[in-house]
Amino acid sequence: MAAITFTIGALGAAFAPSVAVLVVFRVVLGLAVGAAALIVPLYLSEVAPTEIRGAVSSLNQLMIVVGILVAYIVNALLASSEAWRLMLGLAVIPSIVLLIGMYFMPETPRWLVSRDRDDEAREVLRQTRDEEAVEREINEIKEVEREESGGLSELRASWVRPALIVAIGLAVFQQIIGINTIIYYTPTTLTNVGYSASAAIYANVGIGVLNVVMTLLAIRLIDRVGRKPLLLGGLVGMILSLTVLGLSSLLLPQPNTPSDPTAIITLVCLAVFIASFAATWGPTVWVMLPEVLPLKIRGSAMGVAIFLHWGTP
């Protein structure tokens, strides 16, 4: 998506008759992405067994970074021919795959139990749990349903406020931590430090590969190490990489070629930042959002957190 947005912005002025169409459907795409950002983490957290919930929920972020990598590769292959329409048109393929796949996906057990469709909930749970675990989880869902009552009005209750503040904080800080700036402007940054346009594009593909690899690492670690240690470790890596990047830009001479020290340091710092984010804040926030919110108000509370997430510059 980052690559698609970059393409639209770069080519909009050159193809003025198409700008209105691109903007309108970029808004439509934004609505769809916003809805998916809310629903997918909720869905995964409700269908995944407890012992692997973190890993399963992290698959959402893995698919996002795989999509970014695919976009990088497609753009690199098509950039020389300036086939921007084909770049955009190819995005319909994963959309169709998702549409078909979701048709065959079941409702979540929690939603089915809340509608008194216990037998259907048991059938869904049996796909990933043994019979004893099925009954235990059905009982747990019913107990939560009895004890908690909620909705939009409940979000103002004092007992909800601490969890809501944590969820909003995680969602907002995942944005303002700087990942979108790095994703969108890596090619521009690299060309500014001496890389050619083609070299910057291929280096961007390499960073996309690193993004995917580190997200896979996060899936292995998140249920073993825990959420908080990953977040703290990621912050250390990102702070150090940005600090070194800033100091090198201020203190070292302006580079002219990719072999200059500033150019090498810039590429390394960008890679360290991406690796730190992808292994920690990228997937972990989407895992934690459903976990920190009470079940009954989880949907509406996550809606607020995701709205502020996308509304953050």
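Values as computed for the structure displayed
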{"read-out": "Index of the failed condition, residue 126 passing every other in (1) surrounded by 14 or more Cβ atoms within 10 Å (Cβ to Cβ); (2) under 18 Å from residue 49 (Cα atoms)", "value": "(1)"}
{"read-out": "Meets criteria (charged (D, E, K, R), without any contact (Cβ under 8 Å) to a residue 60 or more places away in the chain, part of a helix (DSSP H, G or I) and within 29 Å of residue 63 (Cβ to Cβ)) for residue 137", "value": "yes"}
{"read-out": "Selection within segment 93-113 - closer than 19 Å to residue 299 by Cβ and out of contact with any helix residue (DSSP H, G or I) (no Cβ under 6 Å at 6 or more places or on another chain)", "value": "102, 105, 107, 111"}
{"read-out": "Top-ranked residue of segment 67-110 - restricted to ones that are in a helix (DSSP H, G or I) and of a type in the set (D, E, K, R), ranked as surrounded by the fewest Cβ atoms within 10 Å (Cβ to Cβ)", "value": "85"}
{"read-out": "Candidate set from segment 71-92 (those that are out of contact with any helix residue (DSSP H, G or I) (no Cβ under 8 Å at 6 or more places or on another chain) and of a type in the set (A, V, I, L, M)); member that is nearest to residue 128 (Cα to Cα)", "value": "92"}
{"read-out": "Residue 155 in contact with a Leu (Cβ under 9 Å, 6 or more places away or on another chain) and closer than 30 Å to residue 254 by Cβ", "value": "no"}
{"read-out": "Residue that is surrounded by 15 or more Cβ atoms within 10 Å (Cβ to Cβ) and either within 30 Å of residue 229 (Cβ to Cβ) or in contact with a His (Cβ under 6 Å, 6 or more places away or on another chain) (or both), where the choices are 114, 58", "value": "58"}
{"read-out": "Number of the condition not met by residue 155 [criteria: (1) surrounded by 13 or more Cβ atoms within 10 Å (Cβ to Cβ); (2) at pLDDT 80 or above; (3) more than 22 Å from residue 30 (Cβ to Cβ)]", "value": "(2)"}
{"read-out": "Residue, modelled with the lowest pLDDT, within segment 111-130, restricted to residues that are over 24 Å from residue 294 (Cα atoms) and in a loop (DSSP other than H, G, I, E, B)", "value": "130"}
{"read-out": "Subset tally (residues that are crowded, with 23+ Cβ neighbours inside 10 Å and under 15 Å from the mean Cα position of the chain (by Cα)) for segment 289-304", "value": "2"}
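Yes/no per residue for (1) closer than 19 Å to residue 72 by Cβ; (2) surrounded by 15 or more Cβ atoms within 10 Å (Cβ to Cβ); (3) of a type outside the set (Val, Ile, Thr):
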{"residue": "186", "(1), (2), (3)": "yes, yes, no"}
{"residue": "203", "(1), (2), (3)": "yes, yes, yes"}
{"residue": "219", "(1), (2), (3)": "no, yes, no"}
{"residue": "223", "(1), (2), (3)": "no, yes, yes"}
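The values are calculated or read from the model by the stated rules, or taken from the named source; none is laboratory data. Source: prediction; values computed, not measured. Positions of Cβ are backbone-derived with ideal geometry, glycine not excepted, and every protein chain shown enters the neighbour counts.
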